[in-house]
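J.: For reference, the structure I am asking about is given below.
The values are calculated or read from the model by the stated rules, or taken from the named source; none is laboratory data. Here the structure is a predicted model, which is why all the values come from computation and not from measurement. With ideal geometry, Cβ positions are generated from the backbone for all residues, glycine too; neighbour counts draw on all protein chains shown.
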Amino acid sequence: YNAVNDAGTGVGVLGDTKTLNTNYSGGTYYLIDTTKPMAGVIETRTAKNLSRLPGSYSVDPDNNFNATSQRADVDAHYYAGVVYDYYKNTFNRNSFDGNGATLRSTVHYGRNYNNAFWNGSQMVYGDGDGTTFTSLSGSLDVIAHELTHAVTERTAGLEYQYQSGALNESISDTFGVFLDKEDYLIGEDVYTPKKSGDALRSLSNPGLYGQPENMSGYVNTTSDNGGVHTNSGIPNKAAYLTISTLGTATAEKIYYRALTVYLSPKSNFSNARAALLASTADLYGTGSTQYNAVASAWTQVGVY
Ligand SMILES: Cc1cc(C(=O)NCC(F)(F)F)no1
Ligand SMILES: [Ca+2]
Ligand SMILES: [Ca+2]
Ligand SMILES: [Zn+2]
């Protein structure tokens, strides 16, 4: 890429205008952002509604990415930059690997695809079918959720099944709330575009969307990798109680230290309680109000 970054503009999924870091080359502007320190490149591509990854670069002739077909591309690119900045500025983590790995996103994946995922190498977003979801890159908490799967993979490595998998899911939702500070909801900006006031999940009231909020409600199942998107309601409720009591600035330090120092691939919910308490003790001392708040949160969800 050329060293010079070009300030482009774009219209996002919700019709909002934003500035973009783009790269000009050979008469075309690319959604390639080279402004991040230590060469953390952010690049956004389109699968053109097929399922081949990574697809081709999202491009525009005049650096104004304002076509309806470009809205998902615009938000994937912009929000990836927001999440990159969050991890760098808050924890001095340079990309998901801590070493400036390229953040690659592909939008327009498949047809009417109602999901988003991290495939081990990159983020992938569907357009939704227009009823269950609109383009999933239109929601900062969804992008933070997906990118946090990459961070978890490179740190705690929580196995994606049963309790460690539900914990993996909960860490992603929790960082979704750390990024999207407006609410304790996940996906509200892209879920059921024809219906207002709902979301994919709620951390404050997991039961709203069929999730347990206490260990007494743990669902034993083999589907969905042992119910990882269901049982995440239990650690999600503990996260809500912790964040609402201590605030985001304190809670995010506790969670990031637990993720990077204490959690490991087979950690279960009880191990998570211990990891978060150890992290809190390191940061604020055992017996601190912060320590007691974390202990209380996990007791309230029935995890000891
Ligand atoms: C059931 C179920 C829920 C999810 C989910 O959370 N996807 C990530 C999101 F960001 F698209 F929401 N996947 O399967
Ligand atoms: Ca949200
Ligand atoms: Ca909705
Ligand atoms: Zn997930």
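J.: Would you point out the residue of the range 170-196, among those that are within 16 Å of Glu213 (Cα to Cα) and out of contact with any strand residue (DSSP E or B) (no Cβ under 9 Å at 6 or more places or on another chain), that is farthest from ligand 4 (Cβ to nearest atom)? Show your work before the answer.
T.: Of the range 170-196, the ones within 16 Å of Glu213 (Cα to Cα) are 170-171, 173-174, 184-186.
The next check asks that each one be out of contact with any strand residue (DSSP E or B) (no Cβ under 9 Å at 6 or more places or on another chain); those that pass are 170-171, 174.
Working: Ser170: 9, Ile171: 9, Thr174: 11 Å.
My answer is Thr174.
J.: Go through (1) charged (D, E, K, R); (2) more than 26 Å from Val190 (Cβ to Cβ); (3) at pLDDT 95 or above one by one and return the number of the condition Asp6 breaks.
T.: Result: Asp6 passes all but (3).
J.: Do we find a residue being among the aliphatic types (A, V, I, L, M), assigned to a helix (DSSP H, G or I), under 24 Å from the mean Cα position of the chain (by Cα) and surrounded by 17 or more Cβ atoms within 10 Å (Cβ to Cβ) anywhere in the range 282-296? Before you say what the answer is, go through the steps one by one.
T.: Of the residues in the range 282-296, the ones among the aliphatic types (A, V, I, L, M) are 283, 293-295.
The next check asks that each one be assigned to a helix (DSSP H, G or I); those that pass are 283, 293-295.
Subsequent filtering for residues that are under 24 Å from the mean Cα position of the chain (by Cα) retains 294.
Still in the running and surrounded by 17 or more Cβ atoms within 10 Å (Cβ to Cβ): 294.
Yes, some residue in the range 282-296 is among the aliphatic types (A, V, I, L, M), assigned to a helix (DSSP H, G or I), under 24 Å from the mean Cα position of the chain (by Cα) and surrounded by 17 or more Cβ atoms within 10 Å (Cβ to Cβ).
J.: A further question follows. Please tell me if Ser139 is out of contact with any helix residue (DSSP H, G or I) (no Cβ under 7 Å at 6 or more places or on another chain), closer than 25 Å to Pro206 by Cβ and within 16 Å of ligand 2 (Cβ to nearest atom).
T.: Numbers: out of contact with any helix residue (DSSP H, G or I) (no Cβ under 7 Å at 6 or more places or on another chain): yes; closer than 25 Å to Pro206 by Cβ: yes; within 16 Å of ligand 2 (Cβ to nearest atom): yes.
Yes: the conditions hold for Ser139.
J.: In the range 1-76, which strands (runs of 3 or more DSSP E) lie fully inside it and hold 1 or more residues that are under 21 Å from the mean Cα position of the chain (by Cα)? Write out each step before concluding.
T.: Details: elements: 6-11, 17-25, 28-30, 42-46.
The qualifying strands (runs of 3 or more DSSP E) are 17-25, 42-46.
J.: Suppose we filter Lys18, Lys48 for residues that are more than 25 Å from Asn112 (Cα to Cα), in contact with a Gly (Cβ under 7 Å, 6 or more places away or on another chain) and basic (Lys, Arg); which single one remains? Reasoning before the result, please.
T.: Values: Lys48 fails: more than 25 Å from Asn112 (Cα to Cα).
Every option except Lys18 fails the conditions.
J.: Anything in the range 77-106 that is in a helix (DSSP H, G or I) and of a type in the set (A, V, I, L, M, F, W, C)? List them, or say none.
T.: Ala80, Val82, Val83, Phe91
J.: Further, regarding this structure: Condition test on Tyr109, is it part of a loop (DSSP other than H, G, I, E, B), more than 16 Å from ligand 2 (Cβ to nearest atom) and on the phi < 0 side of the Ramachandran plot?
T.: Details: part of a loop (DSSP other than H, G, I, E, B): yes; more than 16 Å from ligand 2 (Cβ to nearest atom): yes; on the phi < 0 side of the Ramachandran plot: yes.
Spelling it out, Tyr109 is indeed part of a loop (DSSP other than H, G, I, E, B), more than 16 Å from ligand 2 (Cβ to nearest atom) and on the phi < 0 side of the Ramachandran plot.
J.: Additional query: If I filter the range 180-203 down to residues being surrounded by fewer than 24 Cβ atoms within 10 Å (Cβ to Cβ) and of a type in the set (A, V, I, L, M, F, W, C), which single residue comes out as nearest to ligand 3 (Cβ to nearest atom)?
T.: So, considering only residues that are surrounded by fewer than 24 Cβ atoms within 10 Å (Cβ to Cβ) and of a type in the set (A, V, I, L, M, F, W, C), the one nearest to ligand 3 (Cβ to nearest atom) is Ala199.
J.: Here is a check on your reading of the model: is Phe117 outside any loop (DSSP other than H, G, I, E, B), without any contact (Cβ under 8 Å) to a residue 40 or more places away in the chain, of a type in the set (A, V, I, L, M, F, W, C) and surrounded by fewer than 24 Cβ atoms within 10 Å (Cβ to Cβ)?
T.: Details: outside any loop (DSSP other than H, G, I, E, B): yes; without any contact (Cβ under 8 Å) to a residue 40 or more places away in the chain: yes; of a type in the set (A, V, I, L, M, F, W, C): yes; surrounded by fewer than 24 Cβ atoms within 10 Å (Cβ to Cβ): yes.
For Phe117, the condition - outside any loop (DSSP other than H, G, I, E, B), without any contact (Cβ under 8 Å) to a residue 40 or more places away in the chain, of a type in the set (A, V, I, L, M, F, W, C) and surrounded by fewer than 24 Cβ atoms within 10 Å (Cβ to Cβ) - is met.
J.: Right, here's the next one. With respect to Tyr162, is the statement that it is within 12 Å of ligand 1 (Cβ to nearest atom) and modelled with pLDDT of 95 or more true?
T.: Numbers: within 12 Å of ligand 1 (Cβ to nearest atom): no; modelled with pLDDT of 95 or more: yes.
No: the conditions fail for Tyr162.
J.: Among the residues of the range 167-175, are any within 11 Å of ligand 2 (Cβ to nearest atom) and either closer than 21 Å to Glu252 by Cβ or surrounded by 24 or more Cβ atoms within 10 Å (Cβ to Cβ) (or both)?
T.: Our first condition is that a residue be within 11 Å of ligand 2 (Cβ to nearest atom); within the range 167-175, this holds for 173.
Cutting the leftovers down to either closer than 21 Å to Glu252 by Cβ or surrounded by 24 or more Cβ atoms within 10 Å (Cβ to Cβ) (or both) gives us 173.
Checking the range 167-175: at least one residue is within 11 Å of ligand 2 (Cβ to nearest atom) and either closer than 21 Å to Glu252 by Cβ or surrounded by 24 or more Cβ atoms within 10 Å (Cβ to Cβ) (or both).
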